[in-house]
Amino acid sequence: QELVAALRELGAAGQHARCVHPAARLAEIRIRQGRFVEAEPLLEEHAGRPETIPAAIALRLARSEPQAAAALAEQRLTELPDTSPALAPLLALLVEARLMAGDVASARMTAASLQDVANRVGSDRIRATASLAGARIAAGGGEPAAAELFRDAARALEGAGLALDAARARLELARTLADSAPELAVDAAARSRRELDALG
């Protein structure tokens, strides 16, 4: 509601956002809500803004378009300095795109770059994001350690204040456990459901 109001007020006043444009944040929320039809015009209208690129990548991932998502991420990564914390979300999305495309080896290299950013910046959020990327790669490669890595990632995300991402990580944990330990998978999925319901 706040973002919708901000967009309306900016438009009425003929002004521009001085920081991250509210359209970028609203598009991210709409994508997470599964409301892709509402996200798309926001991204199209503000396509020239760098802050809309992560949302545009996320939309392509949500629509199972990993090559398009990876191309967008790779292009934006070339425009940022190696020391920028803004690399982290793009690298995390690129890991997802490469895993969706079945390229585990490239995803692993991307995750290593993400871990380098986490080590350099020292942010709990980026470290937690890197942890989740590692868990996803382990799951993509069929590694037995994937379940424990998802548990660690969920705890790290929760500790970093990323409750939605933590709940999603637990849902991925449930998928990982579905064949080998179905009862544990049900427990993880139920906890994820409770957390997601609490977040609305």
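The values are calculated or read from the model by the stated rules, or taken from the named source; none is laboratory data. Everything quoted here is computed from the prediction, not taken from an experiment. No Cβ is skipped: glycine too gets one built from the backbone with ideal geometry, and neighbour counts run over all protein chains shown. Side chains are part of the model used for accessible areas, which takes the heavy atoms of the whole protein and leaves out ligands, DNA and RNA. Shrake-Rupley method; radii C 1.70, N 1.55, O 1.52, S 1.80 Å.
Before moving on, here are some points about what is shown:
- Residue check for ARG30: part of a helix (DSSP H, G or I) and open to solvent by less than 70 Å² (accessible area, probe 1.4 Å): yes
- Scanning segment 46-71 for residues that are assigned to a helix (DSSP H, G or I), polar (S, T, N, Q) and open to solvent by 60 Å² or more (accessible area, probe 1.4 Å) yields a single hit, GLN67.
- Residue within segment 175-182 that is more than 13 Å from the chain's Cα centre (by Cα) and closer than 22 Å to ALA97 by Cβ present: yes
- Cβ-Cβ under 9 Å pairs, at least 6 apart or on other chains, segment 103-114 side more than 17 Å from LEU87 (Cα to Cα) and open to solvent by 50 Å² or more (accessible area, probe 1.4 Å), far side assigned to a helix (DSSP H, G or I) and among the aliphatic types (A, V, I, L, M): ASP103/ALA70; ASP103/ALA97
- Flag if LEU132 is open to solvent by less than 50 Å² (accessible area, probe 1.4 Å), touching a helix residue (DSSP H, G or I) at 6+ places or on another chain (Cβ under 6 Å) and either among the charged types (D, E, K, R) or touching a residue at least 40 places away in the same chain (Cβ under 8 Å) (or both): yes
Table: residues versus (1) in contact with a Pro (Cβ under 9 Å, 6 or more places away or on another chain); (2) at pLDDT below 90; (3) farther than 25 Å from ALA153 by Cβ.
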| site | (1), (2), (3) |
| --- | --- |
| ILE29 | no, yes, no |
| ALA55 | no, no, no |
| SER64 | no, no, no |
| PRO89 | yes, no, no |
| VAL95 | no, no, no |
| LEU99 | yes, no, no |
| ALA118 | no, no, no |
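- Residues (open to solvent by 50 Å² or more (accessible area, probe 1.4 Å) and among the basic types (Lys, Arg)) located in segment 137-194: ARG151, ARG155, ARG168, ARG175, ARG191, ARG193, ARG194
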